[in-house]
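S.K.: Got a structure for you, written out below as structure tokens; questions coming shortly.
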Amino acid sequence: MSILADKNTRVIIQGITGREAASFAKDMLDYGTRVVAGITPGKQGQEVHGVPVYDTVRGALRNHPSDAAVISVPPGMVKGAVLETLENGIRLLVVVTERVPRKDVIEFLEAARDRDARIIGPNTLGLISPGKVKLGMAGGPAEDVSKAYMPGRVGIASRSGGMTTEIANLLTNHGIGQSTCIGVGGDPVVGSNFLDLIALFHEDPETDAVVLFCEPGGVIEETLAELVLSRNITMPIVAFIAGRFVDDMPGVRFGHAATIVEGEKGTARGKIESFRKAGIHVAESFSDIVPILRKHLPS
């Protein structure tokens, strides 16, 4: 089962005439996603891969009722695009743009909260529910998605978009299918994170376990461990924590903007300790994910 979107989800793409968005729009369409309209101011009347383009979200929705939006516009325009989408009633937004000003992110996340909307990203490749829907760039072209992902009962949430596909591919190669796979975004401030998504996976009757790809930096993993204990979440959770060497280099950023350790906060060793106390299974190596899953998945 999909926790956020499924084969019936109708999608608009903000910035569809841009090179990046036009490319992943085709990939989404090829995968079977219902992309019903695109928005680029000044380009109304054009088409991208057969998808009609409108100047505004309101104009697009007038002719094409939609449930979700993928936003791929320049960083300085993201806040305006998100707010326009929220104001017109869309409640699931995937923001793929990176380098969005942090102040803007905080402002539009507050607006989303006020409207009970969910934002994935920014700086995310998006999400996939195998065999059903793909929002954003996750997995690349449809033929590659079909090789790496397969329908099943294991959820994936990852701080790295690329590693979302790597984990799915690992599971697929061992005959373990996936329910929903999500890159939460690599920025320090993002919308839905592990806390939100574990709660959704836990409520999903068709997800039996979850794999997390974690990185140093931030305290979301430690907070997740507290949540698992306080809510008595018994669903098997397997976590792989990359970049343990970062613990010895405080204040240095690696890769994603969020991968930075300040003093003892956000260290890989602190995350591992918290996870183990909460009963979350920590994979010492990437290849350990599958044996741990097999041990704890329902037979």
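S.K.: Arrange the peptides 198-206, 163-171 so that the one whose residues have, on average, the most other Cβ atoms within 10 Å appears first.
M.R.: 163-171, 198-206
S.K.: Using Cα atoms only, what is the angle between the long axis of helix 161-173 and the major principal axis of the chain, expressed in degrees (0 to 90) to the nearest 10?
M.R.: Tilt of helix 161-173: around 70 degrees.
S.K.: Continuing with the same structure: Write out the GluC sites (Glu not before Pro) in the stretch 36-95 meeting two conditions: DSSP loop, and at most 15 other Cβ atoms within 10 Å of their Cβ.
M.R.: Answer by residue number: there is no such site.
S.K.: Now for a different question. Please list 90-96, 180-186, 266-272, 216-222 highest first by mean number of surrounding beta-carbon atoms within 10 Å per residue.
M.R.: 180-186, 90-96, 216-222, 266-272
S.K.: Efficiency by 1/(1 + (r/R0)^6): what FRET value for residue 296 and residue 223, r their Cβ-Cβ distance, R0 = 30 Å, to the nearest 0.05?
M.R.: 0.85
S.K.: Hull surface divided by four, with the convex hull built on the Cα atoms of the stretch 89-161: how many nm²?
M.R.: Mean projected area of the Cα convex hull: 5.8 nm².
S.K.: Also, I was wondering about something else. For the chain, which whole-number percentage of the solvent-accessible area (1.4 Å probe, protein heavy atoms only) is attributable to carbon and sulfur atoms?
M.R.: Exposed carbon and sulfur together represent 50 percent of the surface.
S.K.: Moving to a separate point now. Roughly how far apart, in whole Å, are the Cα centres of the stretch 100-151 and the stretch 30-63?
M.R.: About 19 Å separates the Cα centre of the stretch 100-151 from the one of the stretch 30-63.
The values are calculated or read from the model by the stated rules, or taken from the named source; none is laboratory data. Note that the coordinates shown come from a computational prediction; the quantities given were computed from them, not determined experimentally. Methodologically, a virtual Cβ is constructed for each residue, glycine included, from the backbone with ideal geometry; neighbour enumeration extends over all protein chains shown. When the accessible area is computed, the model is the full protein with side chains, heavy atoms only, and any ligands, DNA or RNA have been set aside. Shrake-Rupley method; radii C 1.70, N 1.55, O 1.52, S 1.80 Å.
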